[in-house]
Amino acid sequence: MSVPRISVLAALLLSAVSVQAQQRPDRVGPADPSAAVSVSPAPTLSGYDFFIVAGQSNAKGQGDARSSLRPDVGEGYAISRTGEISLLEDPFGNAETGSAWPAFAKAYTARTGRGVIMIPMAKPGTIQYRNPWVQDGKHWDVRYPDNLYDYSSELAADAYVVAEASLPDVRFGGWLWIQGGADAIAVYEGRQSMQDYEEAYHRMARKVYQDWGGPVMHIVTGGWTGGEVPEGVQLREVQNAADALDEVVVVYSDAYRFAQIGWHVDEVHWDQRGLNEAGTQAGDAAGRWAMGEGGTNPGPEPEPEPEPEPTESLVIAPNPSVGSPPTITAACKVRYAIFDSMGRRLLKGKSNRDGEIDLPNRAPSGQYSIQVRPVVDDPACVQETATFTIIN
């Protein structure tokens, strides 16, 4: 099967990062305070959890605010990079129109009874691993001083102080993360390896946990409507596997389906249906984790367990037997037939439900064969033929 090509639109994901690192572009700048409607918080809940939203363009959101969900008044707030507090609704932060985050907050509050305050730090086109083609300040690789994690974390720490002063019982909720498309393309184009990506991702997750005392809450990256590439599948496998780390909680992993069912606005960006679904499921999973209930998103639907390979399970002991017939036991209830050395059928019947076959106490010396077959289909029990010897 031929590997589908990355289309022009998908390649644009990498355009912001695949240029020579010769000039330093502007990094994520502070939001314009006049763009946010500052409100005096009127909390209706006893506590609020602080989330940092980071990653690429689907973390930012390109949905439709008209179809976006909305937390109840007093339950969800947004805070800008300059400390402006507003109601949590779309367009959230720097979203084009709609995002996943009001839906996340609504589900999280429903599960935990705690409100949400979020700061938007997503940056489209950014990459996890800083390969030689990545532009300065366009990556999340914490080995380098121009990485976006440190920059975002510093701004978020300042915003956290404002949140604590404005709302009751503020706690860190998690680092909400949707990213990976740029790295999948970079691996596809031979600019880096999947191991490079995995190590960079794990480094950042450890840094989040070290700095904030909480995990990366990961919504696993989606797919492409123009055709999947193996590197995209492999990258999602790496992301799902990170759920085994203490520093990562995978809260949603089915976004790859959105390309299959048409929940995209273009080749790579989810529409509001996808954003609402990802946000709702991730918010509920994050809430279960916060409540200590476990049961966070377990990853993609597992492949059906293969049926066990049939094994020979007919037990004849002792064999040969002296003075009396052997004990014969099958793995399940079976029909059986016994033949002499000339191939003549001497006996037939059914075992008991435990597979035990009773033979006559008196049987002449000789070699015999037995054929068994299950009474009902049972993958652990098969049709078999065996031989045994009686010596009198």
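Only the coordinates and a few stated rules stand behind these numbers; no lab work does. Model, not experiment: these values are computed from the prediction. Here Cβ is always computed from backbone atoms with ideal geometry, including for glycine, and neighbour counts include all displayed protein chains.
So how far apart, in nm, are the two label points at GLN260 and SER313 if each is 7 Å from Cα heading toward Cβ?
Those two pseudo-labels are separated by 3.3 nm.
Mean separation of Cα pairs under 8 Å and 6+ residues apart, divided by the residue count of the stretch 224-269: what relative contact order is that in percent? Walk me through the numbers before you get to the answer.
Values: 23 pairs, mean separation 24.2, N = 46.
Rounded, it is 53 percent for the stretch 224-269.
Please work out how much length the chain gains when fully extended from ASP150 to ALA337, using 0.36 nm per residue of separation minus the C-alpha to C-alpha distance, in nm with one decimal.
On the way: separation 187, 0.36 × 187 = 67.32 nm, distance 7.62 nm.
So the chain would gain 59.7 nm between ASP150 and ALA337.
Calculate, in nm to one decimal, what ASP72 and GLN383 gain on full extension: separation in residues at 0.36 nm each, minus their alpha carbon distance. Provide the component values of the computation, followed by the final result.
On the way: separation 311, 0.36 × 311 = 111.96 nm, distance 6.37 nm.
Contour length minus the Cα-Cα distance gives 105.6 nm.
What is the extension gain from SER40 to GLU356, computed as 0.36 nm multiplied by their sequence separation minus the C-alpha to C-alpha distance, in nm to one decimal?
Numbers: separation 316, 0.36 × 316 = 113.76 nm, distance 7.87 nm.
Between SER40 and GLU356, full extension yields an extra 105.9 nm.
Computed FRET efficiency, Cβ-Cβ of VAL375 and HIS202, R0 41 Å: what is it to the nearest 0.05? Working shown, then result.
Numbers: r = 53 Å, r/R0 = 1.30.
Working from the Cβ atoms, E equals 0.15.
What is the spin-label model distance, in nm, from THR82 to ASN392 if the labels are put 7 Å beyond Cα along the C-beta direction?
Output for this residue pair reads 10.5 nm.
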